[in-house]
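Below is one structure; the comments refer to it alone.
The values are calculated or read from the model by the stated rules, or taken from the named source; none is laboratory data. In this text the structure is predicted, and so the values were computed from the model without any measurement. Note: ideal-geometry Cβ built from the backbone for every residue, glycine included; neighbour counts use all protein chains shown. All accessible areas refer to the heavy atoms of the entire protein, side chains included, with ligands and DNA or RNA removed. Shrake-Rupley method; radii C 1.70, N 1.55, O 1.52, S 1.80 Å.
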Amino acid sequence: MVQSVQLSASLEDYLEAIFCLFSEKGGIRAKDIARRLGVKAGSVTGALQALSEKKLIRYAPYEVITLTSEGLQKARQIVRRHEVLKEFFVEVLGVDEAIADEGACTLEHGIPKVIFERLTEFVETYKKDQVMTDTKKEASLADLKPGQKGTVLRLNPRGSITRRLADMGIGRGALIEVERVAPLGDPIDIKVRGYHLSLRKNEAAEIKLSVL
Amino acid sequence: MKQTRITVALAGNPNSGKTTLFNALTGARQHIGNYPGVTVEKKEGLRFYNGFEIKFVDLPGTYSLTAYSIEEIIARDVLVAEPPDLVVHVVDSSNLERNLYLTTQLMEMNTTLVLAFNMIDVARRQGHDMDLPKLSELLGCPIVPTVASRKKGIDRLLDTIIQTARHKADRPARPPLRYGKEIEQQLESIMRLIPDGHPLAEPYGRRWLALKLLEQDREILDRGWPEPMIQAVAQSVERIKKHVGDEPEIVIADRRYGVISGACQEAFRPSVESRHTASDAADAVLLHRLLGLPIFALLMYAVFALTFRLGDPLMGWIETAFEGLATATAGLWPPDAESPVKSLLVDGILGGVGGVVVFLPNILLLFLAIAIIEDSGYMARAAFLMDRVMHKIGLHGKSFIPMLIGFGCSIPAMMGTRILEDRRNRLTTLMIIPLMSCGARLPIYALLIPAFFAPCWHGLMMWLIYMIGIGLAIVCAWLLRKTLLRGQTVPFVMELPPYRVPTLRGVLLHMWQRGGLYLKKAGTVILAISIVLWAMTSYPKVGDEALAGLSEEQAGQVALRHSIAGRVGSALGPVLRPMGFDERIGTALIGALAAKEVFVAQLGIVYSMGQTDEESETLREKLRQDYTPLQGFCIMLFALISAPCIATVAVCRRESGTWTWALFQFAGLTALAYGITAVVYQVGRLLL
């Protein structure tokens, strides 16, 4: 089984590099790998021999290096792990991309499978949520077009007017539908709690909605 | 001990049919006045029922009981200062959630409540299925369904009022509304800080006070609390902000709506989704993107036409009637006798009263039109349509309507500003209304334009004069809003109530109440001023010998010159000169103070023309000889800008509540007229 093939951290790095180069150019030579990983050509040869022994790559001196099907699968796993970690750092933790890359390189090899699985799951749902909130966009009431609806997320406080709006039933969670805009473009006519209310766009801009 | 007098306060949202119910409950036994110091109507009425004398106090219509508007403060103060035996809260049944919001606040004030579910027929027709007994149980107060416009449920409401008032003491205390742990904690800590026997604690109740403090209610916060108290409240506010993420007042409002939603969900099932009512269909046309404004313009034209076309013949009748009365009065004296009493009666009092009463048809018709527009729900739409324009000059959409009426007559227009809720807004509108060129100025233009300008310019000149007025009104409104009446522009958060067919009774009552106010109050002041002006143009008398051998016209001229008005006119000569006016125009202008249209007649007397009107060619001939077109234009300009008549001062005093504003307006307009006319005259003279 592929999973049973255990690789050292450095071999994983080699495999990853080969995979990346392979998908970029197709044919790979030892010196490409050396350049990419910033190591001496001599150490590359040793590593390639080790990978070849594990039947992950096809390697003969002075020939183009290719991945075996097992090697391809293994490499994909490694790359995926790197990507998940990097995603976690960038998307969730908000780390800079370059630093995230570096961090992923350092952490990817030693990470226990369970933790990795959980992490993958977390990043997946997190990303899905992000997509959801993107489509369920937040917008101000002033930006809604007639016929659009949304629920109130919050009122930006602006003195007594906020209070008034709350009194009129525009509170968190209230459903608002824009009915129409006045012929001259300002006030708008909205329906909230079953009645019609008109307010200027100026005031409507302070009401943030989650658009339905 | 049997109580036979019950005081009932009527509370409710605007447009809930509160006034209609009040009328149905009290009939014609109403007393209308103003709350002291403000121009918010105070209405009271009596009803005798089953041996009880029930006094109804109609509170101003409010959505809430915060200190947001003057109406809300008044409603609250009445409930506290003159606690009624019970409060009937009029609820629009087709709009329960928002209406019940006020209920929650009335409950907090520990009032004994009866809910009148008004317009229950509309609600049922719209498919709202309500479990009233259940709702009554949940809210802890009796509910009576009513249809005020058809007087249904009135007796049951009266029975319930009496029942509830009699058994008031037996009612178990209502558990207070709970606002959630965070707010309750802060409420308790504030309540603990309110000292025992604090003067406010007694009438309002501790919990209510604490709640208002937490809501940062300006009215309550500014009642001189000790410094540590203020700080504790500020701390509590901060804590809530931090924990809940919103201002406490918003959280509290949300919780109230939460309680209502909960109650409604249990007892109220909108069986059909009532999305497209007839009212919505009407709005689709009346507020249409393209049709909305033309329809509005047409409707406004109809109001205008109704007021002035229909009113003019009626005015003619009243004039004829007063003339007949004057002739009959004069007939009491021998034909040639000159008596000061006769002159006072005929020229002063009858002339003065006639001058006031003559506007009554216009005013009544206008108020009829306004009442229909208001009661039908279109007024809010008019404001909705025009707000963009009015907002630019710092006013509210509703200001447009009185301004438009101003083109007919400033007096009903100024009274029409009552539709504006915000005081600054209302004062600004009040101040600029006279700049809308009123009908009384028209005779002056009609006389002068043909006298000085070639026919092809007539239309343009007329248009120019009106436009100058509108332009000045815009500038003045803007200036006032930037200086004296500065303040937040009034946020435009206005309900668009469902359209309703106005009841004939309601509309007529509305019309009559407002028209009556004009007759009663403004009438007395205008009458007094008319008499003063009469005296000014009649005294001192010229000796008979001075008039000997003069024709009647010449005698009139000499008499006018000799009178106070004539002398003031002459004395004003040097002051008027920069505007290009001579003393003859000055004298005519003094007379025009009573009413602008008098200017033409006075000019006729000054020129010894006897009776003149704006069609008088000979007068035009004379004017052409004596004055340049520039002077003619300046006269029109002055007539346009200066205060239209003394009656507007009286009405402005009434509507603004103080003489300060009335005199400010008078002085301001006069100064503005003087300044602009003088500049135009001087610049014009250099250029021409």
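Just reorder B:Thr4, B:Thr104 by solvent-accessible area, largest first, 1.4 Å probe, all chains present. Could the numbers behind the result be given before it?
Details: B:Thr4 65, B:Thr104 5 Å².
Ranked from most to least accessible, the order is B:Thr4, B:Thr104.
The listed residues A:Thr162, B:Thr20, once ranked by accessible area (1.4 Å probe) with the largest placed first, stand as B:Thr20, A:Thr162. What's the whole-number percent of alpha carbon pairs in segment B:176-220 lying beyond 11 angstrom? So the pairs more than 11 Å apart make up 65 percent of the total in segment B:176-220.
Within segment A:138-211, the proportion of C-alpha pairs whose separation exceeds 20 Å stands at 16%.
Coordinate range of the alpha-carbon atoms in chain B per principal axis, descending: 94, 57, 54 Å.
For A:Ser8 and A:Glu121, a Förster radius of 25 Å and the Cβ-Cβ distance give a FRET efficiency of 0.35, rounded to the nearest 0.05.
Counting only helical runs of four or more DSSP H residues, what would the 222 nm mean residue ellipticity of chain B come to if each run contributes -39,500 (n - 2.57) and the total is spread over all its residues? Mind dumping the intermediate values first?
Values: 35 runs with 421 residues, N = 688.
Computed mean residue ellipticity for chain B: -19000 deg cm²/dmol.
For B:Asp131 and B:Lys181, a Förster radius of 22 Å and the Cβ-Cβ distance give a FRET efficiency of 0.10, rounded to the nearest 0.05. 3J(HN,Hα) along segment B:668-674, derived from phi through the Karplus expression 6.51 cos²θ - 1.76 cosθ + 1.60 where θ = phi - 60°, amounts to x, 5, 5, 4, 4, 4, 4 Hz, with x in place of Gly and Pro. Bridges between two residues of the protein assembly as shown, per DSSP, are antiparallel at a rate of about 70%. Taking 40 Å² as the minimum loss, tell me which residues in segment A:198-212 lose that much accessible area going from the chain by itself to the full protein complex (1.4 Å probe). With the partner chains in place, segment A:198-212 has these residues losing at least 40 Å²: A:Ser198, A:Arg200. Beta bridges from DSSP with both residues in chain B: antiparallel share about 45 percent, rounded to the nearest 5. Scalar couplings 3J(HN,Hα) for segment B:95-102, obtained by applying the Karplus form with A = 6.51, B = -1.76, C = 1.60 to θ = phi - 60°, are 9, 5, 3, 5, 5, 6, 4, 5 Hz; x denotes Gly and Pro.
Report the gain in length on full extension from B:Thr483 to B:Arg124: 0.36 nm times residue separation, minus Cα-Cα distance, nm rounded to one decimal.
Working: separation 359, 0.36 × 359 = 129.24 nm, distance 5.10 nm.
Stretched out fully, the B:Thr483 to B:Arg124 stretch lengthens by 124.1 nm.
By how many nm would the segment from B:Gln265 to B:Asp626 grow when fully extended, if each residue of separation counts as 0.36 nm and the alpha-carbon distance is taken off? Let's see the in-between values first.
On the way: separation 361, 0.36 × 361 = 129.96 nm, distance 8.18 nm.
Gain in length upon complete extension: 121.8 nm.
The contact between chain A and chain B removes approximately 3700 Å² from the accessible area (both sides summed; 1.4 Å probe; ligands, DNA and RNA excluded).
Treating each Cα of segment B:202-331 as an identical point scatterer and summing with the Debye formula, the log10 of I(q)/I(0) at q = 0.16, 0.18 Å⁻¹ comes to -0.94, -1.03.
Note that segment B:439-489 shows a convex hull volume over its alpha carbon atoms of 93 Å³ per residue.
Over chain B, with the other protein chains present, what is the accessible area per residue in square angstrom, probe 1.4 angstrom?
Heavy-atom SASA per residue in chain B reads 44 Å².
P(r) tail for segment B:186-248: Cα pairs beyond 19 Å make up 22% of the total. Couplings for segment B:49-55, taken from phi via the Karplus curve 6.51 cos²θ - 1.76 cosθ + 1.60 with θ = phi - 60°, read 8, 6, x, 9, 9, 10, 9 Hz in order; Gly and Pro are left as x. A simple spin-label model places pseudo-atoms 7 Å from Cα toward Cβ; at A:Lys31 and B:Gln163 they are separated by 10.4 nm.
B:Trp463 exposes around 140 Å² of accessible area when a 1.4 Å probe is run over every protein chain in place.
Comparing A:Glu24, A:Glu124, A:Glu91 in a Gaussian network model of chain A where C-alpha atoms under 10 Å apart are linked, the largest mean-square fluctuation is found at A:Glu24. Computed on the Cα atoms alone, the convex hull of segment A:9-75 gives a volume of 72 cubic angstrom per residue.
Measuring against 22 Å, Cα to Cα, the residue pairs B:Lys541/B:Lys596; B:Lys18/B:Lys42; A:Lys149/B:Lys134; A:Lys25/A:Lys74 contain B:Lys541/B:Lys596; A:Lys149/B:Lys134 as the ones spanning a longer distance.
Using a probe of 1.4 Å, the accessible surface attributed to A:Lys113 totals some 150 Å² when neighbouring protein chains are kept in position. Summed over the residues of segment A:9-75 and divided among them, the accessible surface reaches 54 Å² per residue at a probe radius of 1.4 Å. At q = 0.17, 0.19 Å⁻¹, what base-10 log of I(q)/I(0) does the Debye formula yield for segment B:5-170 when every alpha carbon is treated as an equal point scatterer in vacuo? The computed values of log10 I(q)/I(0) come out as -1.01, -1.29. To the nearest ten degrees, helix B:442-452 and the longest principal axis of the Cα atoms of chain B are 40 degrees apart.
Projecting the alpha carbon convex hull of segment B:75-172 along each direction and taking the average yields 6.5 nm².
Work out, in µm²/s and without decimals, the Stokes-Einstein translational diffusion coefficient of the protein assembly as shown at 20 °C, 1.002 mPa s, Rh from Kirkwood over C-alpha pairs.
Working: Rh = 33.6 Å.
Result for D is 64 µm²/s.
Note on chain B: with neighbouring protein chains present and a 1.4 Å probe, carbon and sulfur make up 62 percent of its accessible heavy-atom surface.
Each label point was placed 7 Å from the Cα along the Cα-to-Cβ direction; for B:Arg171 and B:Glu617 their separation is 8.0 nm.
Restricting the calculation to Cα atoms, chain A shows an Rg/Rh of 1.30 when the hydrodynamic-style radius is the Kirkwood one.
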